[in-house]
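Accompanying notes for the structure given below.
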Amino acid sequence: MRDRNVDVLLEGVRSGDRAALGRAITLIESTREADRSTAQDLLGALLPRSEGALRVGITGVPGVGKSTFIEVLGGRILEDDERRVAVLAVDPTSTRSGGSILGDKTRMRRLAGDPRVFIRPSPSGPIAGGVARRTREALLVCEAAGYDTIFVETVGVGQAETAVHGMVDYFLLLVLAGAGDELQGIKRGIVEMADGIAVTKAEGDNQAAAEAARRAFQSALQLFPPMPSGWEPPVHTCSAMTGAGLDEIWESILEYERQTRSSGYFEARRRQQARNWLHETLDERLIAALHADPDVSDVLADYEARVINGELTAAAAADAILAAYRRLP
Ligand code: GDP
């Protein structure tokens, strides 16, 4: 029997009620055991409707202009009356700094005031402890509520990048023009994951530096192996202040969507992401189950000491710990 609350939420989400959507995501983010099963009931019921939207990941170091970019680009996208935009965030720094991406909605004042927009700050907590899972589930709920363009914003910290890359169709890296060494400080892995790069704040005195950075990234990308999508990631310059470059970036993202949908890559990437999602969840659950068991943790402490003292190899100890785990009822 489904909880009556689930039915009420379901109806609210499906009819596009933003308050219901907010409550559904709060339920998903809850760490209470009872809420977890209710949340899974809700997600299970929504799943068949969660398709069709375009998911765009936006990453870059704090201050690069992510929120401003989404604010201005989102405004342009909404010039098409049919579009509805959701903005979610994955911010592994939010527990440390006390603040969070999008925590301050004033940076997206225009979007926040539009009834066709839903904005959700990052859930708090360590990334490995489920921030990515909760964001992925929030994404499904947004799609079920009829949002067709979903931005997932994240800061330039490796683990969050990989997690967001694993849940979006297009991954856009925003970079700043530096003093000649643009590629420094940005991990190669992140550049390699990008389906597109945009050098921000390309206006006024910064225009020439931005153009130089664009060329530097463009030549750096040529050294990377071709992407499995067959897409060659473009490097743009843009300015959220003047609006320059934003239409080109959006047009390029839509072109990517057209190309990959017709080649079948779009669907293949989603299927691969779903498969990875299952395996990551399974790994997480297995490890949690292992560590949650008091008997196993006793055995574990014992074997840990033996490995530290050089009496056993890690492999032999792991086998013994797993054997102890399997013997448990
Ligand atoms: P985030 O931390 O990556 O989300 O960056 P924000 O969107 O908060 O922007 C950081 C700062 O850069 C803010 O002071 C913005 O006003 C400024 N900014 C954002 N986009 C532009 C731009 O296109 N040109 C200029 N000159 N400043 C910008």
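The values are calculated or read from the model by the stated rules, or taken from the named source; none is laboratory data. Since the structure is predicted, the reported quantities are computational estimates derived from the model, not experimental observations. FYI the Cβ positions are ideal-geometry reconstructions off the backbone, even for glycines, and counts take in every protein chain you see.
State the number of residues belonging to the range 75-85 that are in a loop (DSSP other than H, G, I, E, B) and either buried (at least 19 other Cβ atoms within 10 Å of the Cβ) or near the ligand (Cβ under 7 Å from one of its atoms) (or both). Steps first, answer last, please.
At the first step, the residues of the range 75-85 found to be in a loop (DSSP other than H, G, I, E, B) are 78-84.
Those left that are additionally either buried (at least 19 other Cβ atoms within 10 Å of the Cβ) or near the ligand (Cβ under 7 Å from one of its atoms) (or both): 84.
Here the count works out to 1.
Residues of the range 57-74 being under 13 Å from Asp91 (Cβ atoms), within 6 Å of the ligand (Cβ to nearest atom), out of contact with any Lys or Arg (no Cβ under 6 Å at 6 or more places or on another chain) and outside any helix (DSSP H, G or I), which ones?
Answer for the range 57-74, where residues must be under 13 Å from Asp91 (Cβ atoms), within 6 Å of the ligand (Cβ to nearest atom), out of contact with any Lys or Arg (no Cβ under 6 Å at 6 or more places or on another chain) and outside any helix (DSSP H, G or I): just Pro62.
Residue by residue through the range 111-135, note down the ones that are modelled with pLDDT under 90 and part of a helix (DSSP H, G or I).
Ala112, Ile127, Ala128, Gly129, Val131, Ala132, Arg133, Arg134, Thr135
So which residues in the range 236-248 are in contact with a strand residue (DSSP E or B) (Cβ under 8 Å, 6 or more places away or on another chain) and either closer than 24 Å to Ala268 by Cβ or within 12 Å of the ligand (Cβ to nearest atom) (or both), if there are any at all?
Step one: filter the range 236-248 for residues in contact with a strand residue (DSSP E or B) (Cβ under 8 Å, 6 or more places away or on another chain), giving 236-238, 244-245, 248.
Residues satisfying the conditions are Thr237, Cys238, Ala244, Gly245.
Which of the following residues is surrounded by 13 or more Cβ atoms within 10 Å (Cβ to Cβ) and not in a helix (DSSP H, G or I): Ala240, Ala324? Lay out the reasoning, then the answer.
Values: Ala324 fails: not in a helix (DSSP H, G or I).
The match here is Ala240.
Taking into account only those residues within the range 196-235 that are aliphatic (A, V, I, L, M), part of a helix (DSSP H, G or I) and more than 16 Å from the ligand (Cβ to nearest atom), which is nearest to the chain's Cα centre (by Cα)? Steps first, please.
Pass one, the range 196-235, residues aliphatic (A, V, I, L, M): 197-199, 202, 208-210, 212-213, 216, 220-221, 223, 227, 235.
Subset that is part of a helix (DSSP H, G or I): 208-210, 212-213, 216, 220-221.
Still in the running and more than 16 Å from the ligand (Cβ to nearest atom): 212, 216, 220-221.
Details: Ala212: 29, Ala216: 27, Ala220: 25, Leu221: 23 Å.
Restricting to residues being aliphatic (A, V, I, L, M), part of a helix (DSSP H, G or I) and more than 16 Å from the ligand (Cβ to nearest atom), the top hit is Leu221.
Look through the range 185-195, keep the residues that are within 16 Å of the ligand (Cβ to nearest atom) and in a loop (DSSP other than H, G, I, E, B), and return whichever of them is farthest from Met167 (Cα to Cα). So that I can check it myself, show each step before the final result.
Start the filter on the range 185-195 by keeping residues that are within 16 Å of the ligand (Cβ to nearest atom), which leaves 185-186, 190, 194.
Narrowing the set further to residues that are in a loop (DSSP other than H, G, I, E, B) leaves 185-186, 194.
Working: Gly185: 24, Ile186: 21, Ala194: 13 Å.
Once the filter is applied, the top-ranked residue is Gly185.
Among what's in the range 57-77 and is charged (D, E, K, R) and under 20 Å from the mean Cα position of the chain (by Cα), pick the residue that is nearest to Tyr147 (Cα to Cα).
Glu71
Consider Val64 against the criteria (1) modelled with pLDDT of 80 or more; (2) within 25 Å of Arg36 (Cβ to Cβ): it satisfies all of them except one. Which criterion is unmet?
Every listed condition holds for Val64 apart from (2).
Here are the criteria: (1) farther than 19 Å from His165 by Cβ; (2) touching a residue at least 24 places away in the same chain (Cβ under 8 Å); (3) of a type in the set (Asp, Glu). Tell me which single one Glu257 does not satisfy.
Answer for Glu257: the failing condition is (1).
Looking for something aromatic (Phe, Trp, Tyr), surrounded by 14 or more Cβ atoms within 10 Å (Cβ to Cβ) and without any contact (Cβ under 8 Å) to a residue 40 or more places away in the chain - is there at least one such residue anywhere in the range 267-280?
no
Working carefully through the options Val155, Val168, find the one that is surrounded by 18 or more Cβ atoms within 10 Å (Cβ to Cβ), modelled with pLDDT under 80 and in contact with a strand residue (DSSP E or B) (Cβ under 9 Å, 6 or more places away or on another chain). Explain how you work it out, then say what you get.
Details: Val168 fails: modelled with pLDDT under 80.
Matching residue, one of Val155, Val168: Val155.
If you take the residues of the range 91-110 that are within 13 Å of the ligand (Cβ to nearest atom) and crowded, with 21+ Cβ neighbours inside 10 Å, which of them is modelled with the highest pLDDT?
Met108
Identify, from the list Ser252, Ser297, Ser262, the residue that is touching a helix residue (DSSP H, G or I) at 6+ places or on another chain (Cβ under 8 Å) and either in contact (Cβ under 8 Å) with a residue 12 or more places away in the chain or more than 16 Å from the ligand (Cβ to nearest atom) (or both). I'd like the intermediate steps shown before the answer.
Details: Ser252 fails: touching a helix residue (DSSP H, G or I) at 6+ places or on another chain (Cβ under 8 Å); Ser262 fails: touching a helix residue (DSSP H, G or I) at 6+ places or on another chain (Cβ under 8 Å).
Testing whether each residue is touching a helix residue (DSSP H, G or I) at 6+ places or on another chain (Cβ under 8 Å) and either in contact (Cβ under 8 Å) with a residue 12 or more places away in the chain or more than 16 Å from the ligand (Cβ to nearest atom) (or both) leaves just Ser297.
Filter the range 1-25 down to residues that are in a helix (DSSP H, G or I) and within 20 Å of Arg84 (Cβ to Cβ), then give me how many there are. Steps first, answer last, please.
Filtering the range 1-25 down to residues in a helix (DSSP H, G or I) leaves 4-14, 18-25.
Retained after the next criterion (residues that are within 20 Å of Arg84 (Cβ to Cβ)): 9-14, 18-25.
Looking only at that region, the number is 14.
Taking the criterion of being within 16 Å of the ligand (Cβ to nearest atom), crowded, with 21+ Cβ neighbours inside 10 Å, outside any helix (DSSP H, G or I) and under 19 Å from the mean Cα position of the chain (by Cα), would at least one residue in the range 35-56 satisfy it? Give the derivation first.
From the range 35-56, those within 16 Å of the ligand (Cβ to nearest atom) are 56; that's our starting set.
The next check asks that each one be crowded, with 21+ Cβ neighbours inside 10 Å; those that pass are 56.
Applying the additional criterion that residues be outside any helix (DSSP H, G or I) yields 56.
Of the ones still in play, those that are also under 19 Å from the mean Cα position of the chain (by Cα) are 56.
Yes, the range 35-56 contains at least one residue that is within 16 Å of the ligand (Cβ to nearest atom), crowded, with 21+ Cβ neighbours inside 10 Å, outside any helix (DSSP H, G or I) and under 19 Å from the mean Cα position of the chain (by Cα).
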